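Please read the structure below before turning to the comments.
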Amino acid sequence: MLKTTELTHLLISHIIKEGSRVVDATAGNGYDTFFLSNLVGETGKVFSYDIQEVAINNTKLLNKNQTNIEYFLKSHEFIDQTNLDLVLFNLGFLPNGDKSITTVKESTINAISNLINSYEQNPNLHIFIVVYPGHANGQLESDTLLAFTKNLDKRLLVTTYIPHNQNNAPYLITINKKQKTASNN
Ligand code: SAM
C-alpha cells in the first residue's frame, strides 16, 4: 500500500489542476512545495509558509528552478486566504532539523479554524492535514485534531485515512465543503 504522504499526493493530484492557487502550510525541506508547484503549473501559484528560516532556505534551494512560488517566513496562522483551492499541512518537525521545533496544537487549530471561517470566500477549498502521532507532541496534536474535526459543521466533510492496525502511524485528515446534490441539499 501507499505511504500516507504518497496517498496524500495521489489524492491531491486528482483534485488540483493547472492554474490552481495552493498553500504549503509547512514548507520544511520543500518536497511538498515542489510537488504542488509542478501540479499547478505556470498559470498557478504556490504560497509556501514556515516559521524556520532554514526550512524556507531549504525549500527555496530545492525549488530554485520553479517560478510560481512565493515564500513566507511566518506561521500558517497568518495565511493569506485570497482565492485558495487547497492548503496542505504536513505536521511535525523538520526532518534532519531541530526536532524541538514542531507544529503545536494551538497554532495548528488556529490556522485550520481561520481556513474554515474562509469557506464563504473559498467554497472549493480543500484542507489536507498529514498527522504524526508517533512523538509526544504529535500525539497531543493528533488527539486535539481528531476531537476538533469530529465536531465540525456537518456541511463540511471530514475524512480520515488511518492505518487501522498500526501503532501511532502517520495518517491523513481531509476537510472540504460537501457538494450539493439532489439528495442532500
Ligand atoms: N512539507 C515539508 C516537506 O515537504 O519537506 C515537511 C514539513 S515538516 C514535517 C514540518 C515543518 O513545519 C517544519 O519545517 C516546521 O518548522 C514547520 N512549522 C512548525 N510550526 C509551524 C507554523 N506555526 N507555521 C508554519 N510552519 C510551521
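General observations
- For region 5-50, the square roots a ≥ b ≥ c of the C-alpha gyration tensor eigenvalues yield an a/c of 1.5 or more together with a/b not exceeding b/c, which makes the shape oblate.
- Added length on full extension, which subtracts the Cα-Cα distance from 0.36 nm per residue, Glu70 to Asn83: 3.2 nm
- Relative contact order [Cα under 8 Å, 6+ residues apart], region 25-147, whole percent: 24 percent
- Contour minus Cα-Cα distance for His14 and Ser118 (0.36 nm per residue): 35.2 nm
- Carbon plus sulfur fraction of accessible area for region 25-81, probe 1.4 Å, in percent: 53 percent
- Set Lys105/Lys154; Lys64/Lys177; Lys74/Lys99; Lys3/Lys180; Lys74/Lys180; Lys45/Lys177 screened for pairs whose C-alpha atoms are more than 27 Å apart: Lys64/Lys177; Lys3/Lys180; Lys74/Lys180
- Protein heavy-atom surface of region 104-156, 1.4 angstrom probe: 53% of the accessible area is carbon and sulfur, with nucleic acids and ligands not counted.
- Pair-distance distribution P(r) for region 73-161, from all Cα-Cα distances in 5 Å bins starting at 0: 3, 12, 24, 25, 19, 10, 5, 1 percent.
- Probe 1.4 Å, accessible area per residue of region 84-174, Å²: 51 Å²
- Antiparallel bridge percentage (DSSP; both residues within the chain; nearest 5): 45 percent
- Dipole check for the chain: with +1 at the C-beta of Lys and Arg, -1 at the C-beta of Asp and Glu, and the Cα centre as origin, the magnitude is about 480 Debye.
- Note that region 44-87, at 37 °C in a medium of 0.692 mPa s, gets a Stokes-Einstein diffusion coefficient of 295 µm²/s from its Kirkwood radius over C-alpha pairs.
- With contacts taken as Cα pairs under 8 Å at a separation of at least 6 residues, region 82-185 carries a relative contact order of 28 percent.
- Backbone amide hydrogens, once placed in the peptide plane, bring Gly44 within less than 5 Å of Gly19, excluding anything fewer than 5 places away on its chain.
- Area accessible to solvent at Val54, 1.4 Å probe radius, in Å²: 70 Å²
- Among the GluC sites (Glu not before Pro) in region 1-67, those located in a DSSP loop and surrounded by at most 13 other Cβ atoms within 10 Å of their own Cβ are Glu18, Glu42.
- Mean shadow area of the chain, taken as a quarter of the surface of its Cα convex hull (nm²): 10.9 nm²
- Free of any trypsin sites (Lys or Arg not before Pro) that DSSP assigns to a loop and that have at most 10 other C-beta atoms within 10 Å, the longest stretch within the chain is 65-153.
- Cleavage-rule hits, GluC sites (Glu not before Pro), region 84-185, DSSP coil, Cβ neighbours within 10 Å at most 16: Glu120
The values are calculated or read from the model by the stated rules, or taken from the named source; none is laboratory data. Since the structure is predicted, the reported quantities are computational estimates derived from the model, not experimental observations. Cβ: placed from backbone, ideal geometry, glycine included. Neighbour counts: every protein chain shown. Remember, those area values only see protein heavy atoms, side chains included, never the ligands or the DNA or RNA. Shrake-Rupley method; radii C 1.70, N 1.55, O 1.52, S 1.80 Å.
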